[in-house]
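The values are calculated or read from the model by the stated rules, or taken from the named source; none is laboratory data. On a predicted model such as this, the values are computed, not experimentally measured, just so you know. Note that each Cβ is placed from the backbone with ideal geometry, even for glycine, and that neighbours are counted across all protein chains shown. When the accessible area is computed, the model is the full protein with side chains, heavy atoms only, and any ligands, DNA or RNA have been set aside. Shrake-Rupley method; radii C 1.70, N 1.55, O 1.52, S 1.80 Å.
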Amino acid sequence: MNITIEQLTPAIGAVVSGVDLSRPLDAQTRDAVEALMLAHQVIFFRDQALTEEQQRDLAAGFGPLHIHPIYPRCERVPEIMLLDTALNDLRDNALWHSDVSFTETPSLGAVLLARKVPALGGDTLWASATAAYDALPDTLKTYLGTLSATHDLAKSFPAERFGSEQLAAAKRSNPPVVHPVIRTHPVTGKKAIFVSEGFTTGIVGMEPPMAEPLLAMLYAHVARPEYTVRWKWRAGDVAIWDNRVTQHYATYDYGDAHRVMNRATIMGDRPF
Ligand code: OGA
Ligand code: MN
């Protein structure tokens with residue numbers, strides 16, 4: 001094994017070469033990939049021709065897998081979620097979010113494979129919520145550490161585009177949840193801002209006229225270019241990210257072009 005890495009920005013992101021993700025990873029390689037994910041928060045691999053089964057098995061090496069309540073899944077391999085513009089209107093991913101923060105135990109991370117990408121556009125951006133946190137003034141860090149926020153699935157799956165019985169059922173089984181505004185990474189101990197435009201709906205005990213500007217300031221702060229990386233996909237690229245301390249944004253700038261991504265989602269812990 002000869003793993004090399006190229007960091008993409010000081011805050012977040014690295015390209016990893018020398019790993020064939022289609023084969024079962026030996027313990028040493030698995031641990032190396034996990035360490036790189038923890039260190040760089042999102043890591044990218046080129047030219048990985050994975051089958052759905054191989055993608056599932058790769059992700060399962062990092063924890064039990066999650067099946068999404070709304071998005072379509074691969075029939076043969078239900079742990080593979082389909083982000084396919086032919087199946088869904090995917091504009092709702094064009095906002096900053098941390099996946100499934102509307103559950104009590106949002107995902108640890110995900111393995112995303114590009115199957116079909118537009119000739120131009122459809123880039124995905126990730127932001128480091130730890131770098132954003134670190135840059136806050138100490139007094140604000142302390143204050144934010146006392147707050148909790150509500151997260152609601154309904155915010156990112158509007159009824160006009162996901163208006164199905166399935167959406168209604170997903171809402172019933174996923175009532176709004178409360179998470180700390182600042183969460184601590186269970187492995188690295190780093191603190192991160194854990195509110196996002198995608199699913200956060202309010203701050204516990206604070207009226208909307210005060211909570212909304214505070215939340216808007218935090219969303220804008222996390223999304224500052226200094227804390228982000230932008231990835232230009234080629235088919236066969238794989239991204240693995242730490243969903244606990246990052247947010248991402250799937251750019252929707254490719255009109256009617258067909259874009260297909262497959263995601264395997266790793267289950268996580270309750271944020272603290
Ligand atoms: C995701 C997502 C990213 C993309 O997979 O969680 O938000 O690039 N989409 O489609
Ligand atoms: Mn997402």
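Values for this structure:
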quantity	calculated
Radius 11 Å from Cβ of Ile70, net charge of other residues (Lys, Arg +1; Asp, Glu -1)	+2
Unit Cα scatterers, Debye sum, the stretch 52-193: log10 I(q)/I(0) for q = 0.09, 0.11, 0.18, 0.21 Å⁻¹	-0.35, -0.52, -1.29, -1.50
Most to least accessible of Asp256, Asp242, Asp84, Asp47 (protein chains only, probe 1.4 Å)	Asp256, Asp47, Asp84, Asp242
Principal axes of the chain: Cα extent on each, largest first, Å	51, 43, 34
Calculated [θ] (222 nm, deg cm²/dmol) that DSSP helices of n ≥ 4 give over the chain, each run adding -39,500 (n - 2.57)	-6500 deg cm²/dmol
Interatomic Cα distance distribution for the stretch 4-93, bins of 10 angstrom, percent	15, 39, 36, 11
The chain - charge dipole about Cα centre, Lys and Arg +1 at Cβ, Asp and Glu -1, debye rounded to 20	60 debye
From phi via Karplus (6.51, -1.76, 1.60), per-residue ³J(HN,Hα) for the stretch 44-52 in Hz, x at Gly/Pro	10, 10, 9, 6, 10, 8, 8, 7, 4
Amide proton proximity set for Val181, modelled H, under 5 Å, gap of 5+	Leu147, Ser148, Ala149
Carbon plus sulfur fraction of accessible area for the chain, probe 1.4 Å, in percent	54 percent
Sorted peptide list for 224-233, 50-59, 19-28, 94-103, criterion being average Cβ within 10 angstrom, highest first	94-103, 50-59, 224-233, 19-28
Exposure of Thr201 as accessible area (Å², to 10), given a probe of 1.4 Å and all protein chains	70 Å²
Net lengthening on full extension, Glu160/Ala257 (0.36 nm per residue, minus Cα-Cα)	32.7 nm
